[in-house]
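Computed from the coordinates by the stated procedures, all read-outs in this text should not be read as laboratory data. Quantities reported herein were computed from a predicted structural model and do not represent experimental measurements. A quick note on method: Cβ atoms are made from the backbone with ideal geometry, for glycine too, and the neighbour counts reach across all protein chains shown.
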Amino acid sequence: MSEATLNNPGLGTYRLKEDVAYQAVTTALELGYRSIDTAQMYDNEAAVGKAIAESPISRDEVFVTTKVWVDQLSKAHFRRSVEQSLARLKMDSVDLLLIHWPAPEGDVPMEEYLGELKAVQQAGLTRHIGVSNFTIAQIDEALKILGPGTLLTNQIEIHPYLHNRRLVEHCQRHDILVTGYMPLAVGRVNDDPVLTAIAENKGVSPAQVALAWVAARGIITIPSSTKRHHLQSNLAAMDLELTISEMNRIDTLDQALRLANPSFAPEWDID
Ligand SMILES: NC(=O)c1ccc[n+]([C@@H]2O[C@H](COP(=O)([O-])OP(=O)(O)OC[C@H]3O[C@@H](n4cnc5c(N)ncnc54)[C@H](OP(=O)(O)O)[C@@H]3O)[C@@H](O)[C@H]2O)c1
């Protein structure tokens with residue numbers, strides 16, 4: 001069983017398929033990433049697992065996260081879907097298993113799918129459990145069902161245009177780590193005038209400024225990239241320190257812009 005932790009940063013793999021996913025994971029592990037984020041829905045678990053298996057880094061040192069998709073949440077499907085994920089990853093267990101989205105329209109009761117999540121953890125199929133895209137009310141409901149100290153993380157959208165402050169504070173108050181996805185707003189940060197000005201002043205890139213801002217808020221981040229130099233600079237961004245005045249300037253960029261907002265998304269918290 002792995003000893004690795006949910007490191008900052010992890011490698012995101014959404015949209016990366018087959019050899020592209022394999023290459024990104026291979027390069028990331030070579031550069032020093034030790035946390036990889038995949039999901040049943042990304043259709044790349046096999047490529048991610050292959051890259052980890054073929055890497056000289058031992059499985060124990062890599063923290064692997066996958067997520068159960070919305071159509072697998074019922075008792076009839078849940079455990080089998082996790083076993084299928086593990087078969088694709090060619091692993092006996094993952095380090096973290098997340099509920100990818102709360103059940104659309106509540107069509108599966110939260111007691112049912114969180115019960116299944118706990119059961120697969122007890123069966124040794126995952127070391128930690130967590131949720132993704134849960135609102136404040138849903139975190140409270142989950143904690144009532146599972147009890148305190150059970151959820152490792154809530155993985156939510158966080159970038160300079162979506163700060164999600166109330167939800168972040170709520171999770172942190174309950175000792176639930178926050179993992180911020182789409183930290184680069186899927187590339188939008190690269191052309192931002194405020195981030196560019198801060199970046200030029202420090203001799204870094206706007207993407208690095210965005211990642212340093214997320215990390216400075218105590219949030220784990222999982223940027224994705226298909227390019228070696230981006231993977232390297234995203235890792236190096238963890239050593240970048242922003243001044244209070246730079247943090248304050250980025251704080252003005254919030255537009256409550258949601259890039260991941262499917263029709264079945266929950267009723268989002270408003271800051
Ligand atoms: N739980 C959820 O519901 C959920 C939803 C969405 C995403 N996620 C997770 O979060 C991860 C990150 O989100 P994301 O991949 O959608 O978006 P992202 O990480 O915000 O942005 C990725 C984009 O930024 C570019 N990029 C990366 N590093 C860069 C750099 N240093 N300089 C300039 N551009 C750079 C990449 O292009 P290149 O390839 O050219 O570098 C890619 O186009 C996903 O991969 C996934 O694992 C989770």
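Take the conditions (1) more than 8 Å from the ligand (Cβ to nearest atom); (2) under 19 Å from the mean Cα position of the chain (by Cα); (3) surrounded by 15 or more Cβ atoms within 10 Å (Cβ to Cβ); residue 261 misses just one of them, which is (3).
Could you tell me whether the stretch 62-77 includes any residue that is in contact (Cβ under 8 Å) with a residue 12 or more places away in the chain, more than 23 Å from residue 134 (Cβ to Cβ) and buried (at least 17 other Cβ atoms within 10 Å of the Cβ)?
From the stretch 62-77, those in contact (Cβ under 8 Å) with a residue 12 or more places away in the chain are 62-70, 72-75; that's our starting set.
Right, trim to more than 23 Å from residue 134 (Cβ to Cβ) and you get 62.
The next check asks that each one be buried (at least 17 other Cβ atoms within 10 Å of the Cβ); those that pass are 62.
Yes, the conditions are met somewhere in the stretch 62-77.
Among the helices (runs of 4 or more DSSP H) confined to the stretch 34-135, the ones with at least 1 residues that are within 16 Å of the ligand (Cβ to nearest atom) and among the hydroxyl-bearing types (Ser, Thr, Tyr) are located at 78-89, 110-122.
Identify the residue in the stretch 216-241 that is of a type in the set (Lys, Arg) and over 25 Å from residue 170 (Cα atoms) and, among all such residues, is farthest from the ligand (Cβ to nearest atom).
So in the stretch 216-241, the residues of a type in the set (Lys, Arg) come out as 217, 227-228.
Going one step further and asking which of them are over 25 Å from residue 170 (Cα atoms), we end up with 227-228.
On the way: 227: 4, 228: 9 Å.
Once the filter is applied, the top-ranked residue is 228.
Beta carbons closer than 7 Å, at least 6 apart along the sequence or on distinct chains, pair a first residue in the stretch 160-174 that is farther than 16 Å from residue 188 by Cβ with a second that is in a loop (DSSP other than H, G, I, E, B) and polar (S, T, N, Q) for 167/135.
Looking for whichever is surrounded by fewer than 20 Cβ atoms within 10 Å (Cβ to Cβ), in contact (Cβ under 8 Å) with a residue 24 or more places away in the chain and of a type in the set (S, T, N, Q) here; the options are 196, 226, 243, 221. Which one fits? Checking each option against the conditions leaves just 226.
Among helices (runs of 4 or more DSSP H) entirely within the stretch 136-254, having at least 2 residues that are within 21 Å of the chain's Cα centre (by Cα) and closer than 30 Å to residue 47 by Cα singles out 206-216, 228-236.
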